[in-house]
Structures are given as C-alpha cells and as structure tokens.
Amino acid sequence: MNVASIIQFKNVTKRFGNNPPVLDNVSFTLERGKFYTLLGPSGCGKTTILRLIAGFTEPSEGEIWFNGQKINHLPANKRQVNTVFQDYALFPHLNVFENVAFGLRIKKVKKTEIEAKVKQALSFVNLDGYEYREIREMSGGQRQRVAIARAIVNKPEMILLDEPLSALDLKLRTEMQYELRELQRRLGITFVFVTHDQEEALAMSDEIFVINNGKIQQSGTPTDIYDEPINRFVADFIGESNIVEGKMVEDYLVEFVGKKFECDDKGFNANEPVEIVIRPEDLEITTPELGRLQVRVDSQLFRGVHYEICCYDKDDNEWLVHSTKKAKVGKEIGLSFDREAIHVMRLGETEEEFDRRLETYADKGDSAQWKVN
Ligand SMILES: Nc1ncnc2c1ncn2[C@@H]1O[C@H](COP(=O)(O)OP(=O)(O)OP(=O)(O)O)[C@@H](O)[C@H]1O
Ligand SMILES: [Mg+2]
C-alpha cells in the first residue's frame with residue numbers, strides 16, 4: 001500500500017433497494033494531508049461517499065480501506081473521521097464551548113484537557129472569546145466555525161465537509177473558502193469537501209473528483225480538470241465551454257465545422273467521432289478573413305471583467321467568447337485560437353475507461369490504433 005494513502009475505495013458499489021446503483025464500481029485513493037473536493041450535480045452520490053467514509057452506511061459491494069485496514073464494518077465512532085454537516089447540526093441548547101466540548105465529554109476526557117483543547121480549537125477558527133455565547137446569538141458564518149471547531153477538536157485524521165458553505169452569502173462564503181483552505185494547511189489533516197459549485201472546487205482543492213452517473217468521471221488538480229476535461233460532462237460542468245462535434249482524421253489532426261485543424265491529441269481510430277472543447281477565454285476576436293472560424297455575433301453581455309459574446313457559425317454551433325473587446329451584434333467576425341486551445345474529448349468516456357484504453361494503446365506500441373468500444 002502507498003504510505004501516503006489514507007482512504008481507499010476498491011470497486012465500491014452502493015445500491016438502495018432495487019434502484020440503479022448510486023455508486024457503480026468506484027475505486028479511488030485519497031492521500032494524507034490533502035484537500036479533496038467531490039464535485040457533481042445534485043443526487044450524484046457525494047453525500048453517500050462521505051457517509052461511506054464516515055461509517056454511517058456500508059457498501060453493497062467492494063471494500064473501503066483506512067490506513068491499510070479494511071473498515072467496511074467498523075462502526076462510525078471507531079473511525080478517525082469527523083463530519084461537518086450542511087446544517088452544522090449544532091446543539092441549540094448548549095453554548096459554543098459545550099458544543100465543541102461535547103465529544104470530549106462523552107469520551108470522558110479530563111476537565112483541564114477539555115478546556116485547553118476547546119480553547120485551541122476555537123482559536124483555530126478565530127472564535128477566541130466566544131466560549132460562552134449561545135448558539136442562537138451566533139451568525140451563520142460563526143456557527144459554521146463552531147461546527148468546524150467541533151470537528152477538529154479531537155484531532156481526527158480526516159475531516160469530511162458536506163457543503164458547509166452553502167448557507168452563507170457570497171461574500172462570507174468566499175471568506176470562508178480562504179479560511180478553510182488555510183486551516184487545512186495549518187492542521188495538515190486530510191479534508192474531503194463536498195460542493196456542487198465548480199468555482200469553489202477550483203479555488204480550494206488539491207484534487208477534484210468530478211462525479212456523475214454513479215462514476216468518477218475524472219479526478220485531478222483543478223488545472224488538469226479545467227484544461228483537459230476528459231468528456232463533455234466534465235467540460236460542461238467545469239467552467240463555460242464551447243463543445244462541438246468533430247472527428248479525429250489522424251493523430252494530431254482533427255476536423256470540425258468542416259475544417260481541419262492541427263492539434264495535440266493522438267491515439268484515436270482514423271476518423272473516430274469525437275467532441276472538441278475550446279474555452280471562451282481561448283478565443284480571440286479578429287476579422288473574418290484572419291479568423292480560423294467565421295461566426296455571426298448574436299448577443300453580448302458585460303460581465304464586469306470581460307464581455308461575454310455569443311456567436312453562431314454556419315452550422316448553427318454556438319460559440320461563447322470572453323473578450324475585453326466589444327463586438328457588434330449582427331456582425332460577422334473571425335475567431336482565432338492556438339493549437340493548444342483545442343481539446344479533443346472521447347465520447348462519454350470516463351477517466352478510468354480512458355486509462356484502460358490508453359494502456360492497451362501503449363501495449364501495442366505508438367503506431368497501433370485504439371479499439372473503439
Ligand atoms: N437512505 C437512502 N435511501 C434511498 N435512497 C437514497 C438514500 N440516500 C441517498 N439515496 C439516493 O442516492 C442518490 C445520491 O444521494 P446523495 O445524497 O449521495 O446525493 P448528493 O450528491 O449528496 O446530492 P446533493 O447535492 O443534492 O446533496 C440520490 O438519488 C438519493 O435519492
Ligand atoms: Mg448531498
């Protein structure tokens with residue numbers, strides 16, 4: 001086992017009743033001391049993954065390992081994991097100190113030790129001096145901090161946070177993003193953070209898991225995921241993107257909107273159908289003659305830092321452009337972009353399926369073509 005690994009899911013499937021599985025043969029490894037984010041639409045199984053890690057539910061199939069030990073049946077209170085729930089789940093009849101001290105009291109920790117630990121935990125979340133406040137006298141952001149203090153007071157090896165910021169307004173939310181990230185760095189504990197907000201995931205994580213249809217579609221650093229989305233779902237979910245259908249003519253040559261373009265991708269069958277993604281900020285406005293694509297400007301919005309310009313090509317594909325330059329609605333313009341701006345994606349393939357295919361490709365040597373499933 002990898003020494004840095006703290007949690008491993010091995011072919012985990014989770015079913016409720018006769019419904020299709022919520023998690024379908026999912027495998028991944030989380031390393032010690034990193035900030036992970038589970039990102040995906042509502043109902044994709046994010047909370048279910050946290051509940052499996054925390055021990056509130058068991059997998060239908062597969063194994064969960066913690067620190068090199070299989071823990072499928074280990075009860076929640078025996079796991080070195082604490083959870084911060086979306087609604088914080090604080091005790092309204094207890095003050096701040098007692099909320100944070102609760103778990104320690106149950107464990108019959110010595111009184112002086114409790115005092116010291118609670119004080120330190122509150123200090124970590126910038127709530128020094130709030131010990132004797134009632135919960136109902138605390139603001140949303142402060143309650144959030146109490147919940148985090150309660151989760152870290154016992155120095156668990158891992159903290160699970162289920163959309164902890166979703167109840168906060170935008171400004172406070174951004175502030176708490178910084179604070180949480182900083183807290184994780186200082187504590188060095190593994191954080192698993194759940195959100196369905198892609199910007200939040202990009203801003204905070206060492207590594208993101210994008211989940212949909214019971215599968216991890218892709219995992220990687222924020223830049224990996226943003227720059228090299230593996231399929232349409234990921235490209236669509238992470239940031240705004242232009243996605244068009246095309247085909248891989250041969251290695252390093254792709255065709256879309258009736259034109260051929262050189263690209264950095266290889267390893268497809270000849271003329272394999274693919275999807276192309278180009279980010280709006282990678283498109284530059286120019287004259288129709290100089291542009292690699294010719295489009296008509298349909299509408300335009302000022303977004304504060306840039307204009308968001310919506311255009312259509314002759315095939316009626318929509319092209320979104322982020323530009324500091326203004327365009328004229330109704331006018332024909334050209335769009336230029338670099339070779340690196342073209343990202344070629346497999347049709348609906350997850351990262352795992354893609355990797356399997358890549359291995360086959362590598363086995364056969366670079367000249368072999370891949371098998372389409
Ligand atoms: N105890 C349960 N019994 C039956 N179905 C369940 C149970 N818990 C979760 N589910 C189903 O599993 C799926 C995934 O639920 P989960 O709570 O993990 O989603 P999520 O990604 O956290 O969504 P959200 O973003 O809305 O919180 C949903 O379809 C949900 O209805
Ligand atoms: Mg949830």
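The values are calculated or read from the model by the stated rules, or taken from the named source; none is laboratory data. Small disclaimer: the values here were computed from a predicted structure and weren't measured. Note that we place each Cβ from the backbone using ideal geometry, even for glycine, and neighbour counts take in every protein chain shown.
When the range 157-182 is examined, which residues are found to be among the aliphatic types (A, V, I, L, M) and surrounded by 14 or more Cβ atoms within 10 Å (Cβ to Cβ)?
The initial filter retains those residues of the range 157-182 that are among the aliphatic types (A, V, I, L, M), namely 158-161, 165, 167-168, 170, 172, 176, 180.
Passing the criteria: MET158, ILE159, LEU160, LEU161, LEU165, ALA167, LEU168, LEU172, MET176, LEU180.
Would you confirm whether any residue within the range 57-70 is of a type in the set (A, V, I, L, M) and closer than 30 Å to THR29 by Cα?
Of the range 57-70, the ones of a type in the set (A, V, I, L, M) are 64.
Retained after the next criterion (residues that are closer than 30 Å to THR29 by Cα): 64.
For the range 57-70, residues of a type in the set (A, V, I, L, M) and closer than 30 Å to THR29 by Cα: present.
Can you say whether GLY103 is at positive phi and in contact (Cβ under 8 Å) with a residue 12 or more places away in the chain, as far as the supplied structure shows? Working first, answer last.
Values: at positive phi: no; in contact (Cβ under 8 Å) with a residue 12 or more places away in the chain: yes.
No.
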### Positions within the range 321-370 being within 18 Å of GLU250 (Cα to Cα), at pLDDT below 85 and touching a helix residue (DSSP H, G or I) at 6+ places or on another chain (Cβ under 9 Å), in sequence order
ARG346, LEU347, ALA368, GLN369, TRP370
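Determine whether the range 66-80 contains at least one residue that is within 16 Å of ligand 1 (Cβ to nearest atom) and β-branched (Val, Ile, Thr). Walk me through how you get there before you give the answer.
At the first step, the residues of the range 66-80 found to be within 16 Å of ligand 1 (Cβ to nearest atom) are 76.
Now restrict to residues that are β-branched (Val, Ile, Thr): none.
No, every residue in the range 66-80 fails to be within 16 Å of ligand 1 (Cβ to nearest atom) and β-branched (Val, Ile, Thr).
Kindly provide the set of residues from the range 199-221 that are within 18 Å of TYR178 (Cα to Cα), surrounded by 19 or more Cβ atoms within 10 Å (Cβ to Cβ) and not β-branched (Val, Ile, Thr), ordered by number. Spell out the reasoning first.
Taking the range 199-221 as the starting set, the residues that turn out to be within 18 Å of TYR178 (Cα to Cα) are 199-208, 221.
Restricting the remaining residues to those that are surrounded by 19 or more Cβ atoms within 10 Å (Cβ to Cβ) gives 200-201, 204-205, 208.
Once the filter is applied, which keeps residues that are within 18 Å of TYR178 (Cα to Cα), surrounded by 19 or more Cβ atoms within 10 Å (Cβ to Cβ) and not β-branched (Val, Ile, Thr), the range 199-221 yields GLU200, ALA201, MET204, SER205.
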#### Entry: Search result, residues across the range 178-212 that are closer than 15 Å to PRO229 by Cβ, within 16 Å of ligand 1 (Cβ to nearest atom) and part of a helix (DSSP H, G or I)
GLN198, ALA201
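Here are ASP224, ASP264: which of them is touching a residue at least 60 places away in the same chain (Cβ under 8 Å) and acidic (Asp, Glu)? Quick ask: steps written out before the conclusion?
Values: ASP224 fails: touching a residue at least 60 places away in the same chain (Cβ under 8 Å).
After ruling out the rest, the residue left standing is ASP264.
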### Message
Condition first: within 16 Å of ligand 1 (Cβ to nearest atom), touching a helix residue (DSSP H, G or I) at 6+ places or on another chain (Cβ under 6 Å) and either assigned by TED's automatic domain parsing to the domain that holds GLN120 or over 30 Å from TRP65 (Cα atoms) (or both). Can you find one or more residues in the range 165-175 that meet it?
### Response
yes
### Summary
For strands (runs of 3 or more DSSP E) lying entirely in the range 213-272, having 3 or more residues that are touching a His at 6+ places or on another chain (Cβ under 8 Å) and in the same structural domain as ASN19 (by TED's automatic domain parsing) picks out none
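Residues that are more than 16 Å from ligand 2 (Cβ to nearest atom): list the strands (runs of 3 or more DSSP E) wholly contained in the range 1-87 that include at least 3 such residues. Talk me through it step by step, then tell me what you get.
Details: elements: 5-14, 23-31, 35-39, 61-66, 81-84.
In the range 1-87, the matching strands (runs of 3 or more DSSP E) lie at 5-14, 23-31, 61-66.
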### Task
Restrict the check to the range 208-229 and report whether at least one residue is among the charged types (D, E, K, R), on the phi < 0 side of the Ramachandran plot, under 15 Å from the mean Cα position of the chain (by Cα) and within 16 Å of ligand 2 (Cβ to nearest atom).
no
### Task
Look at the range 15-59 and say how many of its residues are within 12 Å of ligand 1 (Cβ to nearest atom), out of contact with any Gly (no Cβ under 8 Å at 6 or more places or on another chain) and among the small types (Gly, Ala, Ser).
4
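How many residues does the range 80-102 contain that are of a type outside the set (A, V, I, L, M) and either crowded, with 18+ Cβ neighbours inside 10 Å or touching a His at 6+ places or on another chain (Cβ under 7 Å) (or both)?
Step one: of the range 80-102, the residues of a type outside the set (A, V, I, L, M) are 80, 82-83, 85-88, 91-93, 95, 97-99, 102.
This time we only want the ones that are either crowded, with 18+ Cβ neighbours inside 10 Å or touching a His at 6+ places or on another chain (Cβ under 7 Å) (or both), so: 82-83, 88, 95, 97, 99.
The total comes to 6.
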### Task
Write out, first by first residue and then by second, each pair whose Cβ atoms fall under 6 Å of each other, whose residues are 6+ apart or on separate chains, and whose first residue, in the range 40-54, is touching a residue at least 12 places away in the same chain (Cβ under 8 Å) while the second is more than 7 Å from ligand 1 (Cβ to nearest atom) and in a helix (DSSP H, G or I).
ALA54/ALA76
